[in-house]
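Enquirer: The structure's right below; bear with me while I get my questions together.
The values are calculated or read from the model by the stated rules, or taken from the named source; none is laboratory data. Remember, predicted model here, so these are calculated numbers, not experimental data. Note that we place each Cβ from the backbone using ideal geometry, even for glycine, and neighbour counts take in every protein chain shown.
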Ligand code: ADP
Ligand code: GLC
């Protein structure tokens, strides 16, 4: 089975968040199920710089206004097809915004091109390549299912995975005329959304199947509180919407072999994590106190509840905790954490920017990771935390609720607790969760048990890759390795 994954980010080529991790890990996870997954990705500068050995498989005279080439190759263990379109993608900054933080004004065009090229590949425009399924991720790829739906000669099946309902890829209706779609595509059954065009809605409307990244989020987004205006659409097609939990790449995230750790460790040598803790403390310029070291590795945004943490941080310090924050995002939140570092020198520290290696070291050295999200489609940092003995302290929401078991008395007695789970969206509940964590930490034996249990929990792709493979098989009627007797 050939599946074309369409994603605006794929680790290790380009990453700003969890989408890249998922798009990067799925191909290897699916390979053992008889699924060959190739990834279509825009040719941003960092991607192009790695595409040294690729071969041109298609030349386009006019990809939304300028020529482009599709380059296929294998890079960093991934089979990719890269859209080399310098006028669209050869820019500084991250994939979506300019260096001064503003969305690129032609993002509609940059990601229409991504969806359009996906559909060209889906209808067999490259000799010798014809995927049976196009698997589109998030709004940037959302037009791919629409181009397929409105193409007269397409029999390729489509899956739309929603990683985040908050980003709808919404543009004014005036762009429609340039999207190369037939006029009737501008309607409820197509790309139209409140008089404009939403790429996410397009994908969710037009794909054969919609998936999201945890079962709990799949339920939540059918309600007005989390559906963000798309709950009606989802309820209308409830039998083709499914939540499949994200896993993590357990080879890249393995505390026993991770080269970015100062000290590797296993569930049996967990006490040696303290070497990493010391390294984190030094790196962040924190003091050498005894209490628990909390961390944050996150986009600093309202989604992640970082404003709540700003307000709970004095309490965290008063309880004897320290806090190391790695992240960047909303300026008011960055400023807020900066202010806290001045108020609590040695107790709170911030490193802004993106640092993959440091994120690993923090998971391998900090005692607990704080994730007070208001909504969280899945969340990956709690999974990394579990794997690395960094106890997740999470709000009871989305995928966080699906993956962490709260250390309440019953769970402790039943020996199943893996973290702390609290009701979302209030400073008070977050503070109480921090207080509970400090209390648990002070019971060294119990704390180690919670850490070890987390490290042993299954955060791999095994189960979920099977579910994706089954979904592709259902859609196409083709067999995968999961159906040996069919
Ligand atoms: P989201 O995709 O909503 O940002 P996830 O928890 O799914 O949240 O994934 C975030 C990913 O980005 C994780 O791999 C996390 O380690 C990583 N990450 C977030 N911020 C940083 C940062 N500043 N430096 C390094 N890695 C980061
Ligand atoms: C999104 C979500 C996050 C999820 C990630 C990967 O960015 O915010 O919860 O883990 O996608 O699916």
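Enquirer: List the helices (runs of 4 or more DSSP H) inside the range 338-416, counting only whole elements, that have at least 3 residues being more than 13 Å from ligand 1 (Cβ to nearest atom).
Expert: 409-413
Enquirer: Name the single residue, out of those in the range 50-100 being in a helix (DSSP H, G or I) and at pLDDT 95 or above, that is nearest to residue 177 (Cα to Cα).
Expert: Residue satisfying both the conditions and the ranking: 88.
Enquirer: So if I check each of 371, 412, which one is touching a strand residue (DSSP E or B) at 6+ places or on another chain (Cβ under 8 Å) and either within 16 Å of ligand 2 (Cβ to nearest atom) or over 23 Å from residue 255 (Cα atoms) (or both)?
Expert: On inspection, the qualifying residue turns out to be 371.
Enquirer: Would you mind listing the helices (runs of 4 or more DSSP H) fully within the range 202-276 where at least 1 residues are in contact (Cβ under 8 Å) with a residue 60 or more places away in the chain and within 15 Å of ligand 2 (Cβ to nearest atom)?
Expert: Where helices (runs of 4 or more DSSP H) fall fully within the range 202-276 and carry at least 1 residues being in contact (Cβ under 8 Å) with a residue 60 or more places away in the chain and within 15 Å of ligand 2 (Cβ to nearest atom), they are 215-220, 224-227.
Enquirer: On the basis of being surrounded by 15 or more Cβ atoms within 10 Å (Cβ to Cβ) and within 16 Å of ligand 2 (Cβ to nearest atom), does residue 196 make the cut?
Expert: Answer is no for this residue.
Enquirer: Go through the range 266-301 residue by residue and tally those that are within 16 Å of ligand 1 (Cβ to nearest atom) and in contact with a strand residue (DSSP E or B) (Cβ under 9 Å, 6 or more places away or on another chain).
Expert: 11
Enquirer: Considering only the range 201-236, how many residues are over 27 Å from residue 460 (Cα atoms) and out of contact with any helix residue (DSSP H, G or I) (no Cβ under 8 Å at 6 or more places or on another chain)?
Expert: Number satisfying all stated conditions: 6.
Enquirer: Going through the range 9-21 one residue at a time, which ones are closer than 23 Å to residue 130 by Cα and within 12 Å of ligand 1 (Cβ to nearest atom)?
Expert: Answer for the range 9-21, where residues must be closer than 23 Å to residue 130 by Cα and within 12 Å of ligand 1 (Cβ to nearest atom): just 9.
Enquirer: Restricting to the range 420-435, count the residues that are in contact with a strand residue (DSSP E or B) (Cβ under 8 Å, 6 or more places away or on another chain), away from ligand 2 (no atom under 16 Å from the Cβ) and either outside the structural domain of residue 452 (by TED's automatic domain parsing) or not in a loop (DSSP other than H, G, I, E, B) (or both).
Expert: Result for the range 420-435: 7.
Enquirer: Exactly one condition in (1) surrounded by 24 or more Cβ atoms within 10 Å (Cβ to Cβ); (2) within 16 Å of ligand 2 (Cβ to nearest atom); (3) closer than 22 Å to residue 408 by Cβ is false for residue 378; which is it?
Expert: All conditions pass for residue 378, except number (3).
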